[in-house]
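The values are calculated or read from the model by the stated rules, or taken from the named source; none is laboratory data. Quick caveat, the model's predicted, so the values are computed rather than measured. Glycine also receives a Cβ, built like all others from the backbone with ideal geometry; neighbour counts cover every protein chain displayed.
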Amino acid sequence: MVIQKKAATRRAALSERQVRRWERQQKKILSAAGRLFWKKGYNGTSIDDIAKMADVNKATIYYYFKDKPSLLNTVMVTPMEELLNLAAQIEHSQLTPTERLTSLITLHIKWQVTQTGDAGIGHVERKNLPLKYRRNYINMRDKYEAIYRKTVKDGMKSGEFSFCDAKIASLFTLGLVNSIMQWYKPKDRFSADEIATEVVNYVLGALNVS
């Protein structure tokens, strides 16, 4: 969106080879920042820390990002845009509400366990975003939650789900899947697929799906 448009404008002035290098450098910086923000927290991470982990100098970071808040914003918004786009594809599919909700939950869990750090930063570091960035992030988050809410509403209308309120059900579901990042470890005895299956069964059970 805004981040992508600004990046596209800058890339437009570069050759194809330069674009590839530009994207590699930006990705390297974002990856380092995401890992450090997740491990040490935004306030505990300096631009020097990020430069060291990314193996670049501070001037390089400031070439790609205006300041530390804009870097945090990109770290949070980029994966959120990706997740929102993937969820929208499921929303507009021909799947039944039960199948859509199953796909949404599975997508979210498998996506976030492969995006360790980046996927969870938005939940813990949103408070450190400047207001203009925070409003945009919250708007994206609300759009994502609306996809879940509409899916549950559709299921209630079709008789597949039996629950008192679609908003409560969607927030309950997202709270559950988001909490996984607080305890999941890549070397855990449960795979992402196994966790997704159990969460889907739990949520569908709560929605009284037989």
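As an exercise: evaluate Ile147 against (1) within 25 Å of His123 (Cα to Cα); (2) outside any helix (DSSP H, G or I); (3) in contact with a Leu (Cβ under 9 Å, 6 or more places away or on another chain) and give the number of the one condition it does not meet. Of the numbered conditions (1) within 25 Å of His123 (Cα to Cα); (2) outside any helix (DSSP H, G or I); (3) in contact with a Leu (Cβ under 9 Å, 6 or more places away or on another chain), the odd one out for Ile147 is (2).
Among the conditions (1) more than 28 Å from Ile147 (Cβ to Cβ); (2) in contact (Cβ under 8 Å) with a residue 40 or more places away in the chain; (3) charged (D, E, K, R), the only one that Arg100 does not satisfy is (1).
For Ile168, the conditions (1) within 20 Å of the chain's Cα centre (by Cα); (2) surrounded by fewer than 19 Cβ atoms within 10 Å (Cβ to Cβ); (3) β-branched (Val, Ile, Thr) all hold with the exception of (1).
Looking only at segment 160-210, filter to residues that are closer than 24 Å to Gly122 by Cβ and basic (Lys, Arg); which one of those is modelled with the lowest pLDDT? Ranking the candidates gives Lys185 first.
Of the residues making up segment 131-182, those that are among the polar types (S, T, N, Q) and more than 16 Å from Thr102 (Cβ to Cβ) are Asn136, Asn139, Ser162, Asn178, Ser179, Gln182.
Tell me, which residue of segment 65-117 that is farther than 15 Å from Arg141 by Cα and among the acidic types (Asp, Glu) is surrounded by the most Cβ atoms within 10 Å (Cβ to Cβ)? Here the answer is Glu91. Annotation note: Cβ proximity below 7 Å between a residue of segment 192-208 that is closer than 17 Å to Leu171 by Cβ and a residue that is outside any helix (DSSP H, G or I) and of a type in the set (Gly, Ala, Ser) (sequence gap 6+ or interchain) occurs for Leu207/Ser162.
Within the set Tyr133, Tyr42, the sole residue that is crowded, with 17+ Cβ neighbours inside 10 Å, touching a residue at least 40 places away in the same chain (Cβ under 8 Å) and either in the same structural domain as Trp22 (by TED's automatic domain parsing) or among the basic types (Lys, Arg) (or both) turns out to be Tyr42.
Out of segment 73-97, which residues are without any contact (Cβ under 8 Å) to a residue 60 or more places away in the chain and more than 11 Å from the chain's Cα centre (by Cα)? Of everything in segment 73-97, those that are without any contact (Cβ under 8 Å) to a residue 60 or more places away in the chain and more than 11 Å from the chain's Cα centre (by Cα) turn out to be Ala88, Gln89, Ile90, His92, Ser93, Gln94, Leu95.
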